[in-house]
Amino acid sequence: MSTLNPALDSAVHNLQQDAQDGAAWVKLVKRYQGRITAWCLKQGLQLADAENVSQEVLYRLTRKIHMYDPKKGPFPTWLRRVTIHVCSTYRRKQAKAPTGSGDTAHMMRLQEVQDDTTGFWEGIDAAGDREMLQSALVLAQAKVSKEAWTIFRLAALEKMPGPDIAGQLGISAQSVYSTRHRVLVVVKEVLEQLRKE
């Protein structure tokens, strides 16, 4: 490992050993989230898209950090390659996606389709499940950006309507729904890992 940033090298090493190390995730996210978004902007994405892709990169990192090999180069170089790959995939998907009409009926259908939190909460019944969910929420919060967590909290936990969140935060309703979904995926994965332990 490089000696340029021992604290960061330690965080990366700790995460490769234990992907549930919340303190190490916080350290990594604080250091790299802005850089990832900047790399996305350099790839030609708009700011809202760059922020969404940044969340996707961080999410993928939770599953792929074990693939980083310090002998092959510095972590930022590897992370930048991962970011560029995710940007390319995102742009290809956007090019293939049909353009929406933007009318209210379409937005309501989109919200209904993407509101995948209802069934999830109904499955949390037992007191032990609720305690485990609280732990999962804390761990998941450390793995996502502050902005993504705010959106998730408002949409999934406080049940605020997507258009209201979008207006309050100055983002699109689509960003609200996609961010809520991405964070819920992280929560589910963390919860599943806790159940296995």
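The values are calculated or read from the model by the stated rules, or taken from the named source; none is laboratory data. Owing to the predicted nature of the structure, the values given are computational and were not obtained by experimental measurement. With ideal geometry, Cβ positions are generated from the backbone for all residues, glycine too; neighbour counts draw on all protein chains shown.
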Within region 140-170, restricting to residues that are among the polar types (S, T, N, Q) and either under 16 Å from the mean Cα position of the chain (by Cα) or buried (at least 16 other Cβ atoms within 10 Å of the Cβ) (or both), the one that is nearest to Lys188 (Cα to Cα) is Gln141
Looking at (1) surrounded by fewer than 19 Cβ atoms within 10 Å (Cβ to Cβ); (2) modelled with pLDDT of 90 or more; (3) under 25 Å from His181 (Cα atoms); (4) not polar (S, T, N, Q), find the lone condition where Pro76 falls short.
(3)
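Yes/no per residue for (1) basic (Lys, Arg); (2) in a helix (DSSP H, G or I); (3) more than 14 Å from the chain's Cα centre (by Cα):
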residue: Leu45; (1), (2), (3): no, no, yes
residue: Asp49; (1), (2), (3): no, yes, no
residue: Arg60; (1), (2), (3): yes, yes, no
residue: Arg63; (1), (2), (3): yes, yes, no
residue: Trp78; (1), (2), (3): no, yes, yes
residue: Ile84; (1), (2), (3): no, yes, yes
residue: Arg91; (1), (2), (3): yes, yes, yes
Return the total of residues in region 45-58 being buried (at least 20 other Cβ atoms within 10 Å of the Cβ) and without any contact (Cβ under 8 Å) to a residue 40 or more places away in the chain.
3
In this structure, does Thr150 turn out to be assigned to a helix (DSSP H, G or I), touching a helix residue (DSSP H, G or I) at 6+ places or on another chain (Cβ under 6 Å) and hydroxyl-bearing (Ser, Thr, Tyr)?
no
Lys42, sole failed condition from (1) free of Cβ contacts under 8 Å to residues at least 24 places away in the same chain; (2) buried (at least 20 other Cβ atoms within 10 Å of the Cβ)
(2)
Within region 59-68, is there a residue that is over 22 Å from Asp18 (Cα atoms) and surrounded by 16 or more Cβ atoms within 10 Å (Cβ to Cβ)?
no
